[in-house]
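Right, one structure below, let's go through it.
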Amino acid sequence: MTENDFLTGDYQNLPEKGKVTWKAPSNIALVKYWGKRPVQIPTNPSISFTLDACATTTSVTFEKKDSKDDFSFDLFFEGKPKEGFKPKIRTFLERIEMYLPFLKEYHFTIETSNSFPHSSGIASSASGMAALSLCLMGIERQLNPTMEEKVFNAKASFLARLGSGSACRSIKGNLVQWGEHANIPESSDLYGIVYPFGVNPVFKSYCDTILLVHKGQKQVSSTVGHQLMHGHPYAENRFKQAFSNLEKLRPILESGDLEEFIKLVESEALTLHAMMMTSMPYFMLMKPDTLEIINKIWQYREETKTPVCFTLDAGANVHLLYPASEKEKVQDFIKDKLAIHCENGHYINDRVGQGATKINN
Ligand code: DP6
């Protein structure tokens, strides 16, 4: 599908008012998206596990208004008005207006909340933009009820990407790939697709415990981080490596080769951080506790042969990844050895999930 496939004709019979609610999960990348071109086109393909527990629930109430001159919306986060989020939403609405021509017809009340604590330092842009895009698609579906499921999902992912790149991987489960790759059929820079190759059952119930090392604001936003890849001395090789890692993942995901999975996933995480350390300006997003945790994971894996590994996003928190069959053992390890490195001992147990769900109002 191309951008043109997401344009719509004029709508007939706009409903006067209504309400739609969607819950969309967060995701954690195995091969990282880091670097983009306008507008929200990734410089390399990525793949992520869709999560389950970490999610955003968003309701959009819409009511027809008289003037169609501008967007009109109120925004509530966890029940309270949130002016600070409005500019980002406005930019998003401007970007997607040509694909959803009804946006200026309505006044919207957007109510959003996260399943994870606000202060956890977990970015909610992926789940938040995915949930909002699904709500807007929910309205479009009322105007165009014959829309196929496949088109609905692709367009929801397409819109979410225009809000935040990684959000396009938060529509479906359980492994989603985004970014054109010559050897992945139907892969696209415009939206995420459910990973089209064989996936060993071990990965369908994989666990992800998010160790909250640092709950504060990130030192550098992803948006700024992506820009640092422009003119970066190692960018070209990094982009090539991501293409090749996606290729390498295929037999690993199919066979369930955890040893190779661990090597690839940890290398991706450290490469992401290496890119930030070697950009200009440069950033160090790991904290001493991040390194303590990584060393303890390596030591534990060596001693117990348990296939646990880590990945990182653009911050200090650590995602501990392990098969569901190892859960009991790994939970003891977390409590005994890792929790002391988490802010206030906090961590979140999550797992691979099935994607976003519609909530009936
Ligand atoms: C490190 O999707 O947050 O988590 O497109 O600017 O909103 P924007 O960036 P964002 O970048 C995510 C980067 C990452 C890696 C990943 O999720 O692939």
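Each residue of region 337-348 is assigned a 3J(HN,Hα), and the resulting list reads 10, 9, 4, 5, 8, 9, 4, 6, x, 8, 8, 10 Hz, derived from the Karplus form 6.51 cos²θ - 1.76 cosθ + 1.60 (θ = phi - 60°), x at Gly and Pro.
Please report, in debye to the nearest 20, how large the charge dipole of region 268-331 is about its Cα centre when each Lys and Arg carries +1 at its beta carbon and each Asp and Glu carries -1 there.
Working: 6 positive and 8 negative charges, 11 e Å.
Using Cβ point charges on Lys, Arg, Asp and Glu, region 268-331 gives about 60 debye.
Can you give the helix-only mean residue ellipticity at 222 nm for the chain, where every DSSP H stretch with n ≥ 4 adds -39500 (n - 2.57) and the sum goes over all residues, rounded to the nearest 500 deg cm²/dmol? Don't jump to the answer; show the numbers that get you there.
Numbers: 8 runs with 116 residues, N = 361.
Rounded to the nearest 500, the figure is -10500 deg cm²/dmol.
In region 3-197, a dipole from Cβ-located charges (positive for Lys and Arg, negative for Asp and Glu) runs towards its positive end, and of G179, L103, G84 it is G84 whose Cα lies farthest in that direction.
At 1.4 Å probe size, put D289, D336 in order of accessible surface, largest to smallest.
On the way: D289 55, D336 110 Å².
Descending order: D336, D289.
Modelled this way, with points 7 Å down the Cα-to-C-beta line, the labels at T304 and K17 are 5.6 nm from one another. Between the residues S157, I334, A130, the greatest Cα displacement towards the positive end of the dipole of the chain, with unit charges on the Cβ of Lys, Arg, Asp and Glu, is found for I334. Ordered by solvent-accessible area of protein heavy atoms (1.4 Å probe), largest first, the residues Y322, Y347, Y282 come out as Y282, Y347, Y322.
Report Rg(Cα)/(2.2 N^0.38 Å) for the chain, keeping two decimals. Kindly include the intermediate steps, with their values, before the conclusion.
On the way: Rg = 20.4 Å, N = 361, 2.2 N^0.38 = 20.6 Å.
Normalised by 2.2 N^0.38 Å, the Cα Rg of the chain equals 0.99.
When nucleic acids and ligands are ignored and a 1.4 Å probe is applied, V352 ends up with an accessible area of around 10 Å².
Electrostatic bookkeeping for V199 treats Lys and Arg as +1 and Asp and Glu as -1; over the other residues with beta carbon under 14 Å from its beta carbon, the sum is +1. P(r) tail, region 30-143: Cα-Cα pairs separated by more than 21 Å, 44% of all pairs.
Would you please classify the overall shape of region 217-343 from the alpha carbon gyration tensor, given that a ≥ b ≥ c denote the square roots of the eigenvalues, rounded means a/c under 1.5, and beyond that prolate means a/b larger than b/c while oblate covers the rest?
Values: a/c = 2.68, a/b = 1.32, b/c = 2.03.
Judged from the Cα gyration tensor, region 217-343 comes out oblate (a/c at least 1.5, b/c at or above a/b).
Between Q227 and E97, the simple spin-label model (points 7 angstrom out along Cα→Cβ) gives 2.4 nm.
Projected area of region 3-197, taken from the Cα convex hull and averaged over every viewing direction, in nm²?
Numbers: hull surface 44.5 nm².
Approximately 11.1 nm², given one-decimal rounding.
One chain, two ends: D69 and M284. Fully extended at 0.36 nm per residue, the span grows by 72.9 nm beyond their Cα-Cα distance.
Relative contact order of region 203-351, taken over Cα pairs closer than 8 Å and 6 or more residues apart, is 45 percent. A simple rule links phi to the HN-Hα coupling: the Karplus curve 6.51 cos²θ - 1.76 cosθ + 1.60 with θ = phi - 60°, which for region 10-17 gives 5, 8, 9, 6, 5, x, 5, 7 Hz, with x for Gly and Pro.
Once the Cβ-Cβ distance of K204 and R37 is raised to the sixth power relative to R0 = 41 Å, the FRET efficiency obtained is 0.80.
Extension gain for K104 to K150 (0.36 nm times residue separation, less C-alpha to C-alpha distance): 14.0 nm. Pairwise Cα distances in region 167-244 exceed 14 Å in 76 percent of cases. Placing a pseudo-label 7 Å from each Cα along the Cα-to-Cβ vector at S255 and T8 gives an inter-label distance of 4.7 nm.
Considering all different alpha carbon pairs of region 1-86, the Kirkwood hydrodynamic radius works out to 17.2 Å.
Under a Cβ-only charge scheme (Lys and Arg +1, Asp and Glu -1), can you give me the dipole magnitude of region 91-203 about the Cα centre, in debye to the nearest 20? Don't jump to the answer; show the numbers that get you there.
On the way: 8 positive and 10 negative charges, 33 e Å.
The dipole magnitude comes to about 160 debye.
Between Q354 and Q142, full extension at 0.36 nm per residue minus the direct alpha carbon distance yields a gain of 73.9 nm.
Legend: residues R37, R301, R351, sorted from most to least accessible area (1.4 Å probe; ligands, DNA and RNA excluded), read R37, R351, R301. Here I41 sits with roughly 20 square angstrom of accessible surface, probe radius 1.4 Å.
Charges at C-beta only: +1 for Lys and Arg, -1 for Asp and Glu. How large is the resulting dipole of region 1-96 about its Cα centre, in Debye rounded to 20? Don't jump to the answer; show the numbers that get you there.
Details: 15 positive and 13 negative charges, 78 e Å.
Using Cβ point charges on Lys, Arg, Asp and Glu, region 1-96 gives about 380 debye.
The values are calculated or read from the model by the stated rules, or taken from the named source; none is laboratory data. Note that this is a predicted model, so its numbers are computed, not measured. Cβ: placed from backbone, ideal geometry, glycine included. Neighbour counts: every protein chain shown. Surface areas here come from the heavy atoms of the whole protein model, side chains and all, with no ligands, DNA or RNA. Shrake-Rupley method; radii C 1.70, N 1.55, O 1.52, S 1.80 Å.
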